[in-house]
Amino acid sequence: MKDKIVLITGATGGIGKAAAMELAKKQFTVIIHGRNKAKTQQVCEEIRMITGNSKVDYLVADLFLIAETKQLIREFKEKYERLDVLINNAGGLMSNERENTAEGIEKTIAVNLFAPFLLMNGLSNLLKASPEARIINVSSNSHKLNAKPDFTDLQLVNGYNPLRSYGNSKLFLIWISQYLAKELKEQGIGHVTVNTLHPGAVATGFGTNSNLGPFMNTLAKWMRPFFRTPEKGADTIVYLATSEEAQKVSGKYFVNRKQARVTEKYYTTANEKLVWDYCEKEVSKVE
Ligand SMILES: NC(=O)c1ccc[n+]([C@@H]2O[C@H](COP(=O)([O-])OP(=O)(O)OC[C@H]3O[C@@H](n4cnc5c(N)ncnc54)[C@H](OP(=O)(O)O)[C@@H]3O)[C@@H](O)[C@H]2O)c1
């Protein structure tokens with residue numbers, strides 16, 4: 001697959017950087033995203049140097065913020081007329097203390113759900129302009145282990161804990177991806193696919209700054225040596241971005257390159273639509 005343009009969020013480290021490196025090796029035009037300009041610029045240079053691919057560029061935005069995510073979309077549109085692969089990878093597990101962004105949104109939901117929602121929708125015309133476009137959303141097995149949504153309180157003003165919010169956000173990310181896949185199919189847009197994945201337990205920066213309390217902090221530290229490398233964690237992303245068979249599939253969830261089951265607990269088409277509509281309403285409140 002040559003001359004393909006990929007945008008990958010959260011590519012300054014961990015799984016995102018490993019995926020960006022691999023796609024640059026495969027001669028994609030790679031636009032990496034980060035939130036820290038100096039760090040993002042440095043990773044961009046590093047990928048160019050290691051891969052010998054000069055078609056690596058970067059964009060900067062804090063994806064906690066709707067306004068900055070919208071600005072990122074505008075900047076991307078100014079530079080590129082088409083997008084072949086959108087990889088919503090940036091995300092994270094927050095801390096025991098519930099925190100809101102400057103825009104008043106719980107941080108886990110802001111970065112893990114609203115940012116991918118905005119990017120999928122804001123860049124949809126550029127994706128449709130590609131002969132074969134793929135949206136790849138990095139979810140997590142945590143959607144099975146930790147999700148416990150309250151449909152009257154999606155940002156967990158009450159009953160917040162970091163793993164619950166994280167699990168909810170990754171479950172909702174799967175739902176909005178499935179929803180969009182169905183919408184695209186109904187509109188007869190077969191050349192844009194949307195899939196999600198779990199990368200495995202990967203030794204990255206993930207969770208290292210999340211204060212989960214003494215027990216969970218110790219457990220996470222103890223488990224870390226058993227985790228996979230970022231390169232192995234990026235494998236299913238690269239597979240979904242490049243393989244011919246993956247282009248034929250949409251609305252599915254993948255683990256280790258294979259389709260896997262999504263938990264049916266909490267799922268109804270009405271709940272899925274409720275989450276989609278909620279995202280739409282919340283992101284429209286900020287310019
Ligand atoms: N590691 C695992 O075991 C695991 C398991 C399941 C799912 N995942 C998912 O995999 C994805 C990648 O995580 P990772 O393991 O590679 O973690 P990571 O090493 O912490 O990387 C996360 C990336 O996202 C960026 N990011 C985080 N918050 C951001 C924000 N508000 N605005 C812009 N960028 C932001 C980070 O930027 P900075 O460099 O500036 O921090 C970094 O580039 C995440 O969606 C995560 O939920 C990871």
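Here is how the numbers come out for the structure above:
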item: Any hit, region 105-121, residues being within 16 Å of Ala20 (Cβ to Cβ), surrounded by fewer than 22 Cβ atoms within 10 Å (Cβ to Cβ), away from the ligand (no atom under 14 Å from the Cβ) and at pLDDT 95 or above; result: no
item: Failed item in (1) within 15 Å of the ligand (Cβ to nearest atom); (2) out of contact with any Phe, Trp or Tyr (no Cβ under 7 Å at 6 or more places or on another chain), with Lys258 passing the rest; result: (1)
item: Subset of region 1-17 [surrounded by 15 or more Cβ atoms within 10 Å (Cβ to Cβ), over 16 Å from Phe76 (Cα atoms) and more than 8 Å from the ligand (Cβ to nearest atom)]; result: Met1
item: Residues satisfying the stated conditions in region 124-154, i.e. away from the ligand (no atom under 16 Å from the Cβ) and either over 23 Å from Thr193 (Cβ atoms) or crowded, with 20+ Cβ neighbours inside 10 Å (or both); result: Leu126, Leu127, Ala133, Arg134, Lys148, Pro149, Asp150, Phe151, Thr152, Asp153, Leu154
item: Candidate set from region 59-102 (those that are assigned to a strand (DSSP E or B) and near the ligand (Cβ under 9 Å from one of its atoms)); member that is farthest from the chain's Cα centre (by Cα); result: Val60
item: Any hit, region 157-166, residues being more than 12 Å from the ligand (Cβ to nearest atom), part of a loop (DSSP other than H, G, I, E, B) and either hydroxyl-bearing (Ser, Thr, Tyr) or in contact with a helix residue (DSSP H, G or I) (Cβ under 8 Å, 6 or more places away or on another chain) (or both); result: yes
item: Condition met for Phe172 (surrounded by 14 or more Cβ atoms within 10 Å (Cβ to Cβ), hydrophobic (A, V, I, L, M, F, W, C) and either out of contact with any Asp or Glu (no Cβ under 6 Å at 6 or more places or on another chain) or modelled with pLDDT under 95 (or both)); result: yes
item: Residue in region 201-209 that is out of contact with any His (no Cβ under 6 Å at 6 or more places or on another chain) and either at pLDDT 95 or above or more than 14 Å from the ligand (Cβ to nearest atom) (or both) present; result: no
item: Where a residue in region 71-92 is closer than 18 Å to His191 by Cβ and touching a residue at least 24 places away in the same chain (Cβ under 8 Å) and its partner, wherever it lies, is more than 16 Å from the ligand (Cβ to nearest atom) and acidic (Asp, Glu), with Cβ under 8 Å and at least six apart; result: Asp84/Glu132
item: Cβ-Cβ under 9 Å pairs, at least 6 apart or on other chains, region 244-264 side among the β-branched types (Val, Ile, Thr), far side part of a strand (DSSP E or B); result: Val249/Thr193; Val249/Asn195; Val249/Gln259; Val255/Leu197; Val255/His198; Val262/Thr196; Val262/Tyr253
item: Residue in region 185-196 that is under 21 Å from the mean Cα position of the chain (by Cα), outside any loop (DSSP other than H, G, I, E, B), surrounded by 15 or more Cβ atoms within 10 Å (Cβ to Cβ) and not β-branched (Val, Ile, Thr) present; result: yes
item: Matching residues in region 254-286 - criterion: being among the aliphatic types (A, V, I, L, M), farther than 30 Å from Gln71 by Cα and surrounded by 11 or more Cβ atoms within 10 Å (Cβ to Cβ); result: Val255, Ala260, Val262
item: Failed criterion for Ala181 (all others in (1) more than 10 Å from the ligand (Cβ to nearest atom); (2) within 26 Å of Lys17 (Cβ to Cβ); (3) aliphatic (A, V, I, L, M); (4) under 17 Å from the mean Cα position of the chain (by Cα) hold); result: (2)
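Matching residues to (1) over 20 Å from the mean Cα position of the chain (by Cα); (2) aliphatic (A, V, I, L, M); (3) not in a helix (DSSP H, G or I):
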site: His33; (1), (2), (3): no, no, yes
site: Ala38; (1), (2), (3): yes, yes, no
site: Asp57; (1), (2), (3): no, no, yes
site: Thr108; (1), (2), (3): no, no, no
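The values are calculated or read from the model by the stated rules, or taken from the named source; none is laboratory data. Only a predicted model underlies this, so the values are computations on that prediction, with no experimental measurement involved. Cβ: placed from backbone, ideal geometry, glycine included. Neighbour counts: every protein chain shown.
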